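Please read the structure below before turning to the comments.
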Amino acid sequence: MYVERGLRWRRILEGWRQYVERLCAKARELLGEARVVVFGSVARGDWAADSDIDVLVISPNAPEDPWERARVAAALREAAGEAAPLLELHVVKPEQYLGWYRRFIDAEVEVC
């Protein structure tokens, strides 16, 4: 069971872009204008078996209300399909990205 899960997670990590592209399409459907950026070990290309997929969805239309933001995040996870358990997902406004997240990101890949 653990070996099967490990092999599945490895396959997901190797093919991360296809899952994030689906998430991107859903983000644009829900939020209109949106940038989707992958950062961390996946962006650097040095992920390991225990890595997650760090994803930032940056949109001026990101909800202010935490419950609404959680609803958007849940829909984005669903769009990512089987990769959902591996996602570390952040839905933020551009000023949050510029004022906080960007300071800590050492590598990023813009997906859309």
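The values are calculated or read from the model by the stated rules, or taken from the named source; none is laboratory data. Here the structure is a predicted model, which means the values were calculated and not measured. Note: ideal-geometry Cβ built from the backbone for every residue, glycine included; neighbour counts use all protein chains shown.
Worth pointing out:
- Filter result for the condition that a residue is surrounded by fewer than 18 Cβ atoms within 10 Å (Cβ to Cβ), out of contact with any Lys or Arg (no Cβ under 9 Å at 6 or more places or on another chain), in contact (Cβ under 8 Å) with a residue 60 or more places away in the chain and not β-branched (Val, Ile, Thr), over Arg22, Arg44: Arg44
- When Ala49 is tested against (1) more than 23 Å from Arg102 (Cα to Cα); (2) of a type outside the set (S, T, N, Q); (3) assigned to a loop (DSSP other than H, G, I, E, B); (4) modelled with pLDDT of 95 or more, just one condition goes unmet, and that condition is (4).
- Scanning the range 25-41 for residues that are assigned to a helix (DSSP H, G or I) and either over 24 Å from Pro63 (Cα atoms) or in contact (Cβ under 8 Å) with a residue 24 or more places away in the chain (or both) yields Ala25, Lys26, Ala27, Arg28, Leu30, Leu31, Ser41.
- Residue under evaluation Arg17, criteria (1) out of contact with any strand residue (DSSP E or B) (no Cβ under 9 Å at 6 or more places or on another chain); (2) among the charged types (D, E, K, R); (3) surrounded by fewer than 17 Cβ atoms within 10 Å (Cβ to Cβ), criterion not met: (1)
- If you go through the range 74-112 and pick out every residue that is over 16 Å from Leu23 (Cα atoms), loosely packed, with under 12 Cβ neighbours inside 10 Å and of a type outside the set (A, V, I, L, M, F, W, C), you end up with 4.
- Yes/no for Arg8 being touching a residue at least 60 places away in the same chain (Cβ under 8 Å), of a type in the set (D, E, K, R) and not in a strand (DSSP E or B): yes
- Enumeration of residues in the range 65-90 that are assigned to a helix (DSSP H, G or I), touching a residue at least 24 places away in the same chain (Cβ under 8 Å) and among the aliphatic types (A, V, I, L, M): Val72, Ala75, Leu76, Ala79, Ala83, Leu86
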